[in-house]
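The values are calculated or read from the model by the stated rules, or taken from the named source; none is laboratory data. Quantities reported herein were computed from a predicted structural model and do not represent experimental measurements. We place every Cβ from the backbone using ideal geometry, glycine too, and count neighbours over all the protein chains shown.
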């Protein structure tokens, strides 16, 4: 049986579904460590980490250099050994300048004393979760939600873990190569997660275009009845959490709720592998596997790089550009973030860097909706993008919300199929940001009024 969901799209020609042929047979290459790494303190959803080192300090590989700024946060570790040369704002992939720790590499890769294997079998659950938290573990699929928070919030609520190996975003093959070359890390991490969360079902869900991984994975899961391999139909956005849960379990995540409310927890392939490496080697999150591809790249590759490596190093390792690119993207073409500089560093959520030239980036000036309805058929959330766009353009945000705008997962399927080339996702992002800002302002006003009323009541009672 092949699992799937209703809606979605099929990017790429039949001869090359998802445009993955440039790198899906390219083995992972380890990029030599750079002379300098730039480590932003904000590489995750939640509060930024707080630097605990200063310029002039000597640090070791794996050493904590920034502590978590709250419960929903993650620490940052040195990804090379060397000398801290600056703690200052640097360019971040989100387009702003973010406080960053800059380390000059001494090329020794001297391990910090805290890096050592753990005895997983003899640890308590609290110790296991703390070991994951202290490793700076976040979702490596792009969302970068702190992993320890997802685990803790799911214990007792979830009966199913799903490892998201769909990798449905076009061009990206980093997870595919990890599954093919190091499957024992992913399956080992999945077994550890199943133990920690005490669930009876642990699914590894893989799109059928990665069938070359099936035999080895079936061999690795044969001794554990909790683990199952689910082949998925090759379709975008098969890897979106809500669609993946629906495809694998038939359950729907309620509007405004989290996967745990549907009894599921979803983890990325590389995150799962990182958990295994954390317990077996002691190494925190210091590296990423990144697909470098696109029509502007001379030799597309899958590269294993240290976090903090500037993107220009990755481009150089791929032979540079065929010609000047007109589009740079951190992540995939559907949900990635456009970039304007190659000086940005690889961070924990970086799974790809794409560079395009030619016709890939097509735009229309002042496009008009022709009301064809293709966006409605494509939407995996069963929304009406055509109507949401019309009301959003008119500034009627309340109607947008009533049409389900806050449930939009920003997958880009509607924009992809739109014959008028309307930037629908951009409109919905702006609409959601506006609504959230209005809600935050209303909450702040209500809190201020409540505090004032409480103060007045206290004052009256004290008289």
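In table form, for the structure just shown:
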| quantity | calculated |
| --- | --- |
| Qualifying residue in region 191-200 (condition: closer than 30 Å to residue 90 by Cα and touching a helix residue (DSSP H, G or I) at 6+ places or on another chain (Cβ under 9 Å)) | no |
| Checking residue 224 against (1) in contact (Cβ under 8 Å) with a residue 40 or more places away in the chain; (2) more than 21 Å from the chain's Cα centre (by Cα), the condition it does not meet | (1) |
| Candidates 18, 12 - the one that is touching a strand residue (DSSP E or B) at 6+ places or on another chain (Cβ under 8 Å) and modelled with pLDDT under 95 | 18 |
| Counted residues, region 400-433 - those being surrounded by 15 or more Cβ atoms within 10 Å (Cβ to Cβ), assigned to a helix (DSSP H, G or I) and in contact with a helix residue (DSSP H, G or I) (Cβ under 8 Å, 6 or more places away or on another chain) | 15 |
| Matching entry among 150, 157, 83, 107 (being modelled with pLDDT of 95 or more, crowded, with 18+ Cβ neighbours inside 10 Å and assigned by TED's automatic domain parsing to the domain that holds residue 44) | 150 |
| Meets criteria (under 18 Å from residue 268 (Cβ atoms), at pLDDT 95 or above, in a helix (DSSP H, G or I) and in contact with a helix residue (DSSP H, G or I) (Cβ under 8 Å, 6 or more places away or on another chain)) for residue 204 | no |
| Residue match in region 299-306 (condition: in the same structural domain as residue 131 (by TED's automatic domain parsing) and within 17 Å of the chain's Cα centre (by Cα)) | no |
| Residue identified as within 29 Å of residue 194 (Cα to Cα) and surrounded by fewer than 24 Cβ atoms within 10 Å (Cβ to Cβ) among 273, 282 | 282 |
| Filter result for residue 213 (within 19 Å of residue 262 (Cα to Cα) and in contact with a helix residue (DSSP H, G or I) (Cβ under 7 Å, 6 or more places away or on another chain)) | no |
| Checklist (1) buried (at least 18 other Cβ atoms within 10 Å of the Cβ); (2) within 25 Å of the chain's Cα centre (by Cα) applied to residue 60, failing item | (2) |
| Verdict on residue 210 being at pLDDT below 95 and either assigned to a helix (DSSP H, G or I) or surrounded by 16 or more Cβ atoms within 10 Å (Cβ to Cβ) (or both) | yes |
| Residue list for region 86-101, restricted to those being buried (at least 17 other Cβ atoms within 10 Å of the Cβ) and not in a strand (DSSP E or B) | 92, 93 |
| Yes/no for residue 367 being surrounded by fewer than 17 Cβ atoms within 10 Å (Cβ to Cβ) and farther than 18 Å from residue 10 by Cα | yes |
| Of the criteria (1) at negative phi; (2) touching a strand residue (DSSP E or B) at 6+ places or on another chain (Cβ under 7 Å); (3) without any contact (Cβ under 8 Å) to a residue 40 or more places away in the chain, which one residue 56 fails | (1) |
| Top-ranked residue in region 335-349 [being out of contact with any helix residue (DSSP H, G or I) (no Cβ under 8 Å at 6 or more places or on another chain) and farther than 19 Å from residue 321 by Cβ; ranked as surrounded by the fewest Cβ atoms within 10 Å (Cβ to Cβ)] | 337 |
| Residue within region 167-179 that is in contact with a helix residue (DSSP H, G or I) (Cβ under 9 Å, 6 or more places away or on another chain), surrounded by fewer than 20 Cβ atoms within 10 Å (Cβ to Cβ), in contact (Cβ under 8 Å) with a residue 12 or more places away in the chain and not in a loop (DSSP other than H, G, I, E, B) present | no |
| Which numbered condition residue 125 misses (of (1) over 22 Å from the mean Cα position of the chain (by Cα); (2) at pLDDT below 95) | (2) |
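Results for (1) within 13 Å of residue 244 (Cβ to Cβ); (2) in contact with a strand residue (DSSP E or B) (Cβ under 8 Å, 6 or more places away or on another chain), shown as yes or no for each residue.
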| position | (1), (2) |
| --- | --- |
| 133 | no, yes |
| 141 | yes, yes |
| 157 | no, no |
| 170 | no, yes |
| 174 | no, yes |
| 181 | no, yes |
